[in-house]
1. Can you tell me the convex hull volume per residue for segment 62-167, based on C-alpha atoms, in Å³ to the nearest whole number?
2. Can you tell me the alpha carbon radius of gyration of segment 1-135 divided by the globular rule-of-thumb value 2.2 N^0.38 Å?
3. Quick one: if the Förster radius is 25 Å, what FRET efficiency do residue 87 and residue 157 give, using the C-beta to C-beta distance and rounding to 0.05?
4. When the accessible area of segment 35-109 is split by element with a 1.4 Å probe, what percent falls to carbon and sulfur?
5. Restricting to DSSP H runs of at least four residues, report the calculated mean residue ellipticity at 222 nm for the chain, -39500 (n - 2.57) per run over all residues, nearest 500 deg cm²/dmol.
6. Which of the lysines could a cross-linker span from residue 117 if the Cα-Cα distance has to be under 19 Å and same-chain partners fewer than 8 positions apart are dropped?
7. Using Cα pairs closer than 8 Å and at least 6 residues apart in sequence, work out the relative contact order for the chain, in percent.
8. In Å², what does the accessible area per residue of the chain work out to with a 1.4 Å probe?
Amino acid sequence: MNGPKEVSNTKVSSYLQYNVVNIEKDVMNFGVSETRPVDSDFYINSNFFSDNATIGLVVINGKQKSSRVKGGGFFYVLNDLPHVSPLKCPSRTKFASQTILWGLNNGDINHRLTKSKHAKQKRYRTLMGQNKDGDIIVISSNRIGFVTIKEILEFSLTLNIVDGILLDGGTSVDYKFSDDNGITTFSSVPHSLKNFLEIKHPTTYIYGNFK
């Protein structure tokens with residue numbers, strides 16, 4: 001493991017299989033976008049999708065773009081603060097993004113999920129969580145980080161995450177984090193390679209910009 005690097009109340013760390021960004025709850029303005037927000041300091045793909053159709057709730061600037069589905073978990077912005085909830089989302093939010101898989105609820109692992117067949121496959125995984133202080137913690141596989149859902153959930157507990165949701169993983173993983181000087185610290189597989197492999201682009205992103 002590399003030592004953590006402090007960036008304006010934000011800590012970034014590299015582990016054997018993961019990149020981790022810990023963002024204090026009030027240092028970024030967060031939002032949700034239907035396109036890749038290339039000019040943002042931070043972004044990561046969120047909703048699962050099928051044939052370019054988004055699955056689950058998306059709210060942008062208070063306007064609902066797609067409907068919620070049963071189950072899953074949510075990222076949302078309320079009163080200008082980010083929230084991660086494994087089971088529910090207020091009816092009125094400025095921004096919201098729903099994922100069909102939740103992983104942690106009040107520090108407890110979703111064991112029903114970890115027992116499913118697809119959860120046992122090793123693949124690129126991403127998780128967005130929140131600790132008891134309300135800070136946002138993002139875990140993403142690095143380029144050698146093929147892991148199961150159980151593995152990323154157990155790792156997330158070591159970071160004191162209490163509520164966590166799994167974002168769309170596999171070849172969809174698309175993220176970037178840049179410090180407040182605009183220097184990119186972490187990024188996923190280059191888009192030129194994804195285009196060459198004809199990988200479909202995500203339909204929804206969570207993003208943040210330093211205040």
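The values are calculated or read from the model by the stated rules, or taken from the named source; none is laboratory data. In this text, all values refer to a predicted model and were calculated from it rather than measured experimentally. In this analysis, Cβ positions are derived from the backbone assuming ideal geometry, glycine residues included, and neighbour counts consider all displayed protein chains. Surface accessibility is based on the protein's heavy atoms, side chains included, excluding ligands, DNA and RNA. Shrake-Rupley method; radii C 1.70, N 1.55, O 1.52, S 1.80 Å.
1. Spread over its residues, the Cα hull of segment 62-167 gives 106 Å³ apiece.
2. 1.09
3. 0.85
4. Values: 1730 of 3810 Å².
Using a 1.4 Å probe with all protein chains present, segment 35-109 comes out at 45 percent carbon and sulfur.
5. My calculation for the chain gives -2000 deg cm²/dmol from helical runs alone.
6. 150
7. Values: 525 pairs, mean separation 63.0, N = 211.
Relative contact order for the chain comes out at 30 percent.
8. Working: 10400 Å² over 211 residues.
Computed with neighbouring chains in place, this is 49 Å² per residue.
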